Structure formats: C-alpha cells, structure tokens
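J.: This is the structure, below, for whatever I ask next.
A short reminder: the numbers here are calculations on the coordinates, not readings from a lab. Treat the numbers as computed from the prediction; the structure is a model and nothing was measured. Here Cβ is always computed from backbone atoms with ideal geometry, including for glycine, and neighbour counts include all displayed protein chains.
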Amino acid sequence: MRDEDYSTVLLDWYDRHARELPWRVGPADRAAGIRPDPYAVWLSEVMLQQTTVAAVKDYFHRFTTRWPTVEALAGEADSEVMGEWAGLGYYARARNLLKCARAVADQHGGRFPDTEKALLTLPGIGPYTAAAIASIAFDRPAPVMDGNVERVMSRLFAETVPLPEVKPVLKSHAARLTPQRRPGDHAQSVMDLGATICTPRNPACGLCPLRDPCQARAEGIAAELPRKSPKKAKPTRFGIAYLARSRDGAWLLETRPEKGLLGGMLGWPGSDWTEDTPQEAPPLQADWHDPGLEVRHTFTHFHLRLALRLATVSAAKPDRGEFLPRAAFRPANLPTVMRKAFDLAQGAWPED
C-alpha cells in the first residue's frame, strides 16, 4: 500500500466512526467549515496527558464553563485553578497551564501561535502538545505521537524493538503517513483507531480498516506490540502529615513550594518524604495524637506511606502554614494524597 493510501483509508473510517468528544470538532462539522478552538484543543491535550478520556470530560466541562477563554483562565487566581484541578494529578501540569495561559494572553494577544516551532516557546508545551495543537487546531501536517499512535505504528510496521528506544522510528512512520490534506483529522483518526480498535489488549483486528497491510497482524504478533523495556521497581518513601484543627474549626494548611511534587498546592504541614525513617517536624507545639494510621499513595516514580499526627489546638501562631477558616476550607480542593489524609483522619480524631 502506498503511503497516501493509508491516510485515505483512515480518513474514510474516521468520517464514519469518529468519537464524539466535548473538545473535538467532528469531521462533518469540520467539512462544513467549523474550526476547532485552539484553547479547547490545548486545554484538553494538557488534561489528557497520563489521564483517561473518561476522567477528563468533567474537568474539561468545569474549566470551560468557568473560564471559557484563555484570557479568563489567565486572569484567575492560582489557588482557584489549582483547586479545580485537584484530583487530576500531576500538578505540574496545572502550574504550567496557568503559566502558558498568561503567556498567550500577555505575549500573543490571547491567540495561540499556529506552528509547532512557535508553540514550543510557550511554558509547559512540549513536542507532543505542540504537534497536537498545530495539527488539530491549525491543520498543520505534524505527526502527533501519543501512546495510541505509537501502538498503531508499531503494529502496522511490526516494529519489535522495545519502547522507548523505538520511539524515533515510530515517529518517522507517523510523519511519512501524515497527509497534507486534512492532517488534523488524520491525527485524530490514528488516535481513535488506537483507542477503540488497536487497543493494548485484545485488539479487534477483524474490524480494523488497516488489517490487510498490518504487518504485525500478518505475523500474528499484534497483541505483543509495542514491546517495552522492563520497568525499574518503584521505591517507597515515608513521611508524616500533621493535621491540626483549631477549636473554632479552622484547619492548619501550608502552600507547598512552587518546585517539586504538588508544587503550589495547599496541603498539610509535614516532614520530608524519605526512604529512611522520617524525622518528626510538627508545625507548632501541641498534644499530637498518633492514631496508628497511614495514607498510602503512589506517584509516578515512587510509593508514599504517610503517617498521620492529629491535634486540636487553641489559638496559636504556627511555625509553618496558616489556619484556614472553616468556611473557606474545601477538602475537595486538596490534592488527592492530602484529601486521603483528611478522610482517614475523620474517624480517628482524638477527643478534646
């Protein structure tokens, strides 16, 4: 099959089977002249990094309802945006989201650049996101390499070298097959194929529009690809979280450092997270209660076990953090690991 024929087949399939997604302009609307909103494309792509479509839909709706334009998002307080992001994880994305929105608003008049090269100058936009925006929003012929596309390319051409080593080869295949005509729809067609038919397990090869030229199917190894290099075991780190409640219902919270995990987020004061026994580091003098409970949470690169310390305190100035009045405290706005600590503590609070 010629390179251009792959795209013809995929686009015909996409025109019939494209997923309906809240941030997507479908093929019929696009053919009618409706153009994608670069803000919606950018926002969805940032949210979708290392997160499922199902998890993102509600967040996308809330964000675009509350902040319908990039300028509206750029003008919001950090704490409000971080609060809405809580639960999506990978909080560096939320910090970069705000930085990028402000750069677009301040330096580009609220309009996203329309080329990969220019998009790459924006905070938080890497090669994948730049290609996705350029392709989907502006119809630039840029190969968009997410996990779905990598899987399709590895199977289509029976590439048996494991990830991540094979990534440049897969990108060269995707670039070669990207057409000048409808490149944005082509990119989304490959992603949809990987998400719905060329799935990680039990690919539905009989329904695939590219089943005939697929080399992995012919060799009977489609389900084995892409191969991956063995992952290193994740280490376990330990820490202590101090949950202090004043007698009037205020909670002691601190803003975590801008750099690092959960940067810029509100959380409970605590010790360092270390692979050794953590050192006690209470944020104020109090009668701290050890309920014998710990939060278990997994980040990308390590597991965390966070022991709890609980206290009810009278008015006092803490060494770290500030007391947030009960009316302003919203547990749902805490990052997941901090919310787990709050939920776990509710049934173990010491009596006054």
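J.: Go through (1) surrounded by 13 or more Cβ atoms within 10 Å (Cβ to Cβ); (2) small (Gly, Ala, Ser); (3) closer than 21 Å to residue 91 by Cα one by one and return the number of the condition residue 260 breaks.
T.: (1) is the only condition that residue 260 fails.
J.: Could you grab me the full set of residues in segment 176-190 that are surrounded by fewer than 21 Cβ atoms within 10 Å (Cβ to Cβ) and farther than 16 Å from residue 12 by Cβ?
T.: Once the filter is applied, which keeps residues that are surrounded by fewer than 21 Cβ atoms within 10 Å (Cβ to Cβ) and farther than 16 Å from residue 12 by Cβ, segment 176-190 yields 176, 180.
J.: Could you tell me which residue of segment 274-316 is surrounded by the fewest Cβ atoms within 10 Å (Cβ to Cβ), considering only residues that are among the acidic types (Asp, Glu) and within 27 Å of residue 91 (Cα to Cα)?
T.: In the first step, residues of segment 274-316 are kept if they are among the acidic types (Asp, Glu); the result is 275-276, 280, 287, 290, 294.
Among the residues that remain, those that are also within 27 Å of residue 91 (Cα to Cα) are: 275-276, 280, 294.
Working: 275: 10, 276: 8, 280: 10, 294: 17.
Filtering segment 274-316 for residues that are among the acidic types (Asp, Glu) and within 27 Å of residue 91 (Cα to Cα), the one surrounded by the fewest Cβ atoms within 10 Å (Cβ to Cβ) comes out as 276.
J.: Moving to a separate point now. Restricting to segment 195-206, name every residue that is surrounded by fewer than 21 Cβ atoms within 10 Å (Cβ to Cβ), on the phi < 0 side of the Ramachandran plot and in contact with a helix residue (DSSP H, G or I) (Cβ under 9 Å, 6 or more places away or on another chain).
T.: To start, the set of residues in segment 195-206 that are surrounded by fewer than 21 Cβ atoms within 10 Å (Cβ to Cβ) comprises 195-197, 199-202, 204-206.
Keeping just the survivors that are on the phi < 0 side of the Ramachandran plot gives 195-197, 199-201, 204-206.
Once the filter is applied, which keeps residues that are surrounded by fewer than 21 Cβ atoms within 10 Å (Cβ to Cβ), on the phi < 0 side of the Ramachandran plot and in contact with a helix residue (DSSP H, G or I) (Cβ under 9 Å, 6 or more places away or on another chain), segment 195-206 yields 195, 196, 197, 199, 200, 201, 204, 205.
J.: Considering 320, 296, which residue is basic (Lys, Arg) and part of a loop (DSSP other than H, G, I, E, B)?
T.: It is 320.
J.: Looking at (1) without any contact (Cβ under 8 Å) to a residue 60 or more places away in the chain; (2) more than 17 Å from residue 135 (Cα to Cα); (3) of a type in the set (D, E, K, R), find the lone condition where residue 117 falls short.
T.: It is condition (2) that residue 117 fails.
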